[in-house]
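> My questions all concern the structure below.
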Amino acid sequence: MDLCFATNNKNKLAEVSAQLGGAFVLKTLEDIGCTDELPETSGTIPGNSRQKADYVWKHFGVSCFADDSGLEVDALNGEPGVDSAFYSGSRDAGQNIQKVLTNLQGKPSRKARFVTVFTLVLHGVEHQFEGSINGKIVDEPRGTGGFGYDPVFQPDGYDQTFGEMAPEEKRAISHRSRALAKMVAYLQEQVNV
Ligand code: ITT
């Protein structure tokens with residue numbers, strides 16, 4: 001079946017399409033003729049995820065899902081959290097990482113987690129699926145893989161940051177893949193794919 005992934009983030013699209021395999025035909029916003037900026041004004045990750053999926057369903061009538069994600073750092077009271085994309089005031093990953101590292105200077109804890117909330121709107125019926133992974137913020141960026149904060153996030157139990165991992169290694173354990181696995185299990189119960 002066709003499902004639109006309501007994202008403008010090419011890295012999210014690549015990670016999700018690699019994991020979905022052939023079971024669903026993934027449509028992009030471009031495929032459905034959506035060039036609008038999707039709303040993200042709720043102030044929470046689940047709320048923004050819902051806003052993006054609802055917008056596509058209401059305006060385009062297409063079954064779809066959205067991903068809102070963020071990095072939550074304990075010593076920064078959960079920042080950057082819902083503000084992860086624009087933490088430094090720009091989308092530049094290097095500047096966002098630098099702000100996290102600067103704000104963490106002198107803090108005893110470097111514990112953090114990545115969180116993803118998917119909102120699926122299937123023929124108008126909405127469900128949410130969450131995935132997360134715990135880890136820590138390393139002292140300096142390491143690796144060139146992934147995107148966003150991946151070079152400074154080292155998952156618990158691993159020596160490498162997400163930025164140092166191969167795409168399939170990140171995919172095996174990531175917040176996004178955990179949320180996606182829950183959504184795919186739900187979809188397989190609902191529809192004959
Ligand atoms: P869409 O809203 O179009 O999906 P976006 O990039 O604006 O794309 P978010 O609002 O969810 O997505 O912003 C989350 C930000 O958190 C994202 O821009 C990255 O900087 C960061 N992020 C999300 N997932 C990540 C991951 O798997 N690895 C590293 N950083 C991630």
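> Quick check on ASN48: is it within 15 Å of the ligand (Cβ to nearest atom), in a helix (DSSP H, G or I) and touching an Asp or Glu at 6+ places or on another chain (Cβ under 7 Å)? Explain how you work it out, then say what you get.
Working: within 15 Å of the ligand (Cβ to nearest atom): yes; in a helix (DSSP H, G or I): yes; touching an Asp or Glu at 6+ places or on another chain (Cβ under 7 Å): yes.
Yes.
> Within the group VAL121, VAL100, which residue is farther than 27 Å from SER17 by Cβ and in contact with a Phe, Trp or Tyr (Cβ under 9 Å, 6 or more places away or on another chain)?
On the way: VAL121 fails: farther than 27 Å from SER17 by Cβ.
That would be VAL100, the only listed residue that is farther than 27 Å from SER17 by Cβ and in contact with a Phe, Trp or Tyr (Cβ under 9 Å, 6 or more places away or on another chain).
> Working carefully through the options ASP83, ASP68, find the one that is outside any strand (DSSP E or B), within 11 Å of the ligand (Cβ to nearest atom) and either of a type outside the set (Ser, Thr, Tyr) or within 17 Å of the chain's Cα centre (by Cα) (or both). Walk me through it before giving the result.
Numbers: ASP68 fails: outside any strand (DSSP E or B).
Going through ASP83, ASP68 in turn, just one is outside any strand (DSSP E or B), within 11 Å of the ligand (Cβ to nearest atom) and either of a type outside the set (Ser, Thr, Tyr) or within 17 Å of the chain's Cα centre (by Cα) (or both): ASP83.
> Scan the stretch 136-163 residue by residue and report those that are within 8 Å of the ligand (Cβ to nearest atom) and part of a loop (DSSP other than H, G, I, E, B). Steps first, please.
Kept after step one, since they are within 8 Å of the ligand (Cβ to nearest atom), are these residues of the stretch 136-163: 146-150, 153, 162.
Scanning the stretch 136-163 gives GLY146, PHE147, GLY148, TYR149.
> Additional query: Just checking, does the stretch 24-44 include any residue being in a helix (DSSP H, G or I) and either closer than 18 Å to GLY131 by Cα or touching a residue at least 12 places away in the same chain (Cβ under 8 Å) (or both)?
No, because not a single residue in the stretch 24-44 is in a helix (DSSP H, G or I) and either closer than 18 Å to GLY131 by Cα or touching a residue at least 12 places away in the same chain (Cβ under 8 Å) (or both).
> Something else now. Could you tell me which of the residues SER63, SER69 is touching a residue at least 60 places away in the same chain (Cβ under 8 Å) and under 19 Å from LYS170 (Cβ atoms)? Quick ask: steps written out before the conclusion?
Values: SER63 fails: under 19 Å from LYS170 (Cβ atoms).
Criteria check complete, one pass: SER69.
> So, one more: Looking at the stretch 100-120, which of its residues are part of a helix (DSSP H, G or I), in contact (Cβ under 8 Å) with a residue 40 or more places away in the chain and buried (at least 17 other Cβ atoms within 10 Å of the Cβ)? Give the steps one after another, and end with the answer.
Here is the first cut: in the stretch 100-120, the residues part of a helix (DSSP H, G or I) are 100-104.
Checking which are in contact (Cβ under 8 Å) with a residue 40 or more places away in the chain leaves us with 100-101.
Correct list: VAL100 only.
> Among the numbered criteria (1) in contact (Cβ under 8 Å) with a residue 24 or more places away in the chain; (2) charged (D, E, K, R); (3) over 22 Å from ASN11 (Cβ atoms), which single criterion is violated by LYS58?
Every listed condition holds for LYS58 apart from (1).
Where a number appears in this text, it was derived from the coordinates with a stated rule and is not lab data. Values in this document were obtained by computation on a predicted structure and should not be read as measured data. Positions of Cβ are backbone-derived with ideal geometry, glycine not excepted, and every protein chain shown enters the neighbour counts.
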